[in-house]
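Read the structure below first, then the notes.
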Amino acid sequence: MKMRFFIFILINIISRSLLATQIIIKPSIFSIHSSNGSDWMYQNKPINIFGLGVNSHIKNNDLKLTFNYLQIGLLGNVNQDLFEFSPQQSYPYIDDSKDAEGYWTEHIEAKLIYEYNNLAFEFGKFNRHWGYGYRSLHISDKAPSYPQIGFKYNLNTNLNYLYFHGFLNSGIPDTTRSIFYNNNYSKRFINVPRNIAAHRVEWKPNDTFLLSINETVVYATRAIDIYYLIPILPFYPIENYIGDTDNIQMGFELLYKINDFQGSYIAFFMDEFTPEWLLKSKNHNWFGLQLGYYLKNLIFKNSKLQIEYNWTDQRIYMHKYDINDFYNHQQPLGFWAGPHAEEFLVNYQNYFKKKFLKLHFSHTKRGLNNRDMVADNYKDMQSDRFSLGSEERLIFSTDLKVPTKIEDLFFTINFNYIKFSNAGIKIIDDHLNQGIDSEKISFDFGIFYNFTSSLK
């Protein structure tokens, strides 16, 4: 009966897509030249990044489908540490080029949204951003996108409920299965399954306040856990019920609109919640904090100034069982700089005559956080912040996006001043490596066709 119902739903969705009122399929092309590697790499060396793919959209009254695929080449003095200390979305992998100096990778995202009354089903491989800030502490787009299925239910005009279940890459080989893919010619590793389940309540009591409450759980070693597929159950008691082997996170975001032009916001992220330790000086509740303020129409119409501070405890995102780390492809699912970090940023952007200008300042610092420190944290043996070493990233950038007379074709011009201090220390290694200092100016020029440039 269940299989018949599923087949009926699938056939219904496909038939609706074939009868769609709008189908758009376009090639997607981009090319970026960076004179000194921008903030993608520590070294002061030029790189070129280019891509070719397809961008498609299918839409009718209640169904939306987007599909984006890019084959990406990276030429120049690049290495595997690309995007290691950058908020730019990381690639899941990069392979050595067989014919030229550099690497190849690919990017693919697909999202299907089916709306029925107040309910919207979501399925595909994509990223989310939870929160009202420029960055996100809980769910961000730093890590590569991952397969997921979920829904959003609008209970009324003031209350929404969201749920999704995603499938992550743990990066931890399953030796019991990987043996079947080893021979004299090649070797492949099959990773231990890692998953995430999440739900979120969004409440808008009036035009002044917006409140969101989140809960996530990362679990591993099994393909799907039926308990976490029940969206209406809180994860915290369920995790205790099934043996306390998973990783629970909680948090909230609050936005206060002062008026139509300005507002402030706060985000709080809690890891390893232990109620009985809440008021103790050495507590077992690990957290991240975000404070922010924005002002619209400053100097120019359609402009926005945003000031933000992010702070993460050295104990969050990582778990006593590394299989449950809050990571995908070795990249944090939350704050882009990971645990044991802080960032102060100022961002000003303005749209004028179809052009986009952004001025950005950011100073980020993060410290060592290896597995021995994680083990000590669970024994309530916590070292002083940044006492074992840290690396810093300071950047001032000016980004300009200029459209052309050809639809969907635009240019980008970027000026970046970047200073790295003690960069590349390998913060999750078992020892502190000596990093490098780098100060550089990088001019970047890009051309894009039918491509979305995030300009982070």
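The values are calculated or read from the model by the stated rules, or taken from the named source; none is laboratory data. Predicted model only: the values in this text are computed from it and were never measured. Don't worry about glycine lacking a Cβ; one is built from the backbone with ideal geometry, like all the others, and counts go over all protein chains shown.
Of all the criteria given as (1) surrounded by 19 or more Cβ atoms within 10 Å (Cβ to Cβ); (2) under 18 Å from the mean Cα position of the chain (by Cα); (3) modelled with pLDDT under 90, the one not satisfied by Val78 is (2). Checked against (1) touching a strand residue (DSSP E or B) at 6+ places or on another chain (Cβ under 8 Å); (2) modelled with pLDDT under 95; (3) of a type in the set (Val, Ile, Thr); (4) under 26 Å from Ile316 (Cα atoms), Ile395 passes all but condition (2). If you go through the stretch 204-224 and keep only what is free of Cβ contacts under 8 Å to residues at least 60 places away in the same chain, surrounded by 14 or more Cβ atoms within 10 Å (Cβ to Cβ) and of a type in the set (A, V, I, L, M, F, W, C), you end up with Leu211, Ile213, Val217. Inside the stretch 69-85, residues that are without any contact (Cβ under 8 Å) to a residue 60 or more places away in the chain, of a type outside the set (A, V, I, L, M, F, W, C) and closer than 27 Å to Gly338 by Cβ make up a count of 4. Here Asp141 passes the criteria (1) at pLDDT 90 or above; (2) closer than 26 Å to Gly424 by Cα; (3) of a type in the set (Asp, Glu); (4) not in a loop (DSSP other than H, G, I, E, B) except the one numbered (4). Could you tell me whether the stretch 278-293 includes any residue that is under 26 Å from the mean Cα position of the chain (by Cα), surrounded by 17 or more Cβ atoms within 10 Å (Cβ to Cβ), modelled with pLDDT under 95 and more than 24 Å from Gly389 (Cα to Cα)? No, because not a single residue in the stretch 278-293 is under 26 Å from the mean Cα position of the chain (by Cα), surrounded by 17 or more Cβ atoms within 10 Å (Cβ to Cβ), modelled with pLDDT under 95 and more than 24 Å from Gly389 (Cα to Cα).
Among the residues of the stretch 117-156, those identified as touching a strand residue (DSSP E or B) at 6+ places or on another chain (Cβ under 6 Å), polar (S, T, N, Q) and buried (at least 19 other Cβ atoms within 10 Å of the Cβ) are Ser145, Gln148. Pairs meeting the criteria (first residue in the stretch 241-262 and within 15 Å of Gln306 (Cα to Cα) and in contact (Cβ under 8 Å) with a residue 40 or more places away in the chain, second residue part of a loop (DSSP other than H, G, I, E, B) and not hydrophobic (A, V, I, L, M, F, W, C), beta carbons under 8 Å, at least 6 apart or on different chains) are Leu255/Tyr132; Tyr256/Thr208; Lys257/Asp207; Lys257/Thr208.
Is one or more of the residues making up the stretch 372-386 at pLDDT 90 or above and surrounded by 15 or more Cβ atoms within 10 Å (Cβ to Cβ)? No, the stretch 372-386 has no match at all.
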